[in-house]
Amino acid sequence: MLFAATVIARISIGRNDNVSDISAIMNHHVVFVAFEGFQLLDLTGPAAVYGAANDRLGWEAYRITMVGPEAPVALSNSGVSLNVSAFDDVRPETVDSFFISGGNEAGQRAFIANEQAKDWVWRAIPSSIRYGSICSGSVALAAWGLIGTRRFAAHWDAVSEVRRRWPELQLDPESLYVNDGPLWTSAGVTAGIDMALAIVEVDHGPDVARAVAQRLVLSVRRPGWQSQYSAALSAQGTRDGRYADVIAWIAANLSGDLGVEQLADRAGESERSFHRNFTEAVGETPARYVMTQRLNHARALIEQGHSLKSVASQCGFADPAPLSKAFKSRFGMTAGAYRLVNGR
């Protein structure tokens, strides 16, 4: 009964229990759980982040172990095999963090039905500083009752299943990754890299995380709230990518005039045709798409410590007042309130 109570408390405790000062801990044991048919980049991407952090710090801050029910080898859905340890060879009480990967439907279904895997995960939670999933790995967490009242992310392809099977859970269907207390979950594949970088920043500060991102030649560090749905990719994949150039131009000119007249002229279409065609291709009207990009950029600038006056100017707002009004309409808080919580 004591063990069960400990696990339930770990799942249900409030949001203030996230550990933010563990940089002094040497040899933080990170375990990635792989099963037959797992998504290779779900594990190798975050593992590369932790490995690069070790190189940057000059000591083994993270000790990485791969574990899975098909030990000693797990075959990924891309045909590449990974050496994994057996559950019996990795004592749950030695685990500081663990993450369950996503994978193909058949492999995931067999993994969820594996009682040894379920038992190991449950026994690892009480001693873990953090735990979670990458991609559709959150389906396993949900199936085993390990999410509770916390917010979590999942790959967009798993959203419908999660909503159908567990409508009571607080699924965030869009974010790249979500951190709620000890639970860290990501939308998967490359988003696992973004989540791992965020964890490195929590553990060792922004300078180390930035150095790791540079080491991995990442063009940008994406925040967790950024949507996993890319309008640019939608445009490039629809109608021969006819609006890819327009979208790139919008991103480079967020402080300028981005009215439908200017955008239609850029696309070589009438305003009426452009509005209709762009909305169909991208999934948002031109005006809403522009506002989304401006507000996302504004959030990033606020987090970097820019003044609200500077943010408004760089994002196409006349002054901080209309910026805050748009911010509150989209995110439920003013730009000033967001700066108090997330700014430097």
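Among the listed residues S85, S97, identify the single one that is among the polar types (S, T, N, Q), surrounded by 20 or more Cβ atoms within 10 Å (Cβ to Cβ) and assigned by TED's automatic domain parsing to the domain that holds V30. It would help to see each step written out before you state the result.
Details: S85 fails: surrounded by 20 or more Cβ atoms within 10 Å (Cβ to Cβ).
So the residue among S85, S97 that is among the polar types (S, T, N, Q), surrounded by 20 or more Cβ atoms within 10 Å (Cβ to Cβ) and assigned by TED's automatic domain parsing to the domain that holds V30 is S97.
Give me a count of the residues in region 250-274 that are under 25 Å from F331 (Cα atoms) and assigned to a helix (DSSP H, G or I). Reasoning before the result, please.
Keep residues of region 250-274 that are under 25 Å from F331 (Cα atoms), which gives 250-260.
Now narrow it down to the ones that are assigned to a helix (DSSP H, G or I): 250-252, 260.
Final tally of qualifying residues: 4.
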Original post:
Residues of region 90-110 being of a type in the set (V, I, T) and not in a helix (DSSP H, G or I), which ones?
Top reply: V90, V95, I100
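Tell me, which residue of region 300-340 that is in a helix (DSSP H, G or I) and under 16 Å from P206 (Cβ atoms) is modelled with the lowest pLDDT?
Here the residue is E303.
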**OP:** For region 278-292, name all the residues that are assigned to a helix (DSSP H, G or I) and polar (S, T, N, Q).
**Re:** T279, T292
Original post:
Hey, L301 hits all of (1) within 24 Å of S175 (Cβ to Cβ); (2) touching a Gly at 6+ places or on another chain (Cβ under 9 Å) but one; which does it fall short on?
Top reply: (2)
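Residue-by-condition table, conditions (1) in contact (Cβ under 8 Å) with a residue 60 or more places away in the chain; (2) more than 15 Å from L323 (Cα to Cα); (3) touching a His at 6+ places or on another chain (Cβ under 7 Å); (4) surrounded by fewer than 18 Cβ atoms within 10 Å (Cβ to Cβ):
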| site | (1), (2), (3), (4) |
| --- | --- |
| R266 | no, yes, no, yes |
| R272 | no, yes, no, yes |
| E280 | no, yes, no, yes |
| G283 | no, yes, no, yes |
| L295 | no, no, no, no |
| A298 | no, no, no, no |
| S310 | no, no, no, yes |
Subject >> Unique match (being at pLDDT below 90, farther than 24 Å from D157 by Cβ and either under 26 Å from the mean Cα position of the chain (by Cα) or not assigned by TED's automatic domain parsing to the domain that holds Y62 (or both)) among S273, S219 >> reply: S219
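The values are calculated or read from the model by the stated rules, or taken from the named source; none is laboratory data. Computed from a predicted model, the values in this text were never measured in an experiment. Note: ideal-geometry Cβ built from the backbone for every residue, glycine included; neighbour counts use all protein chains shown.
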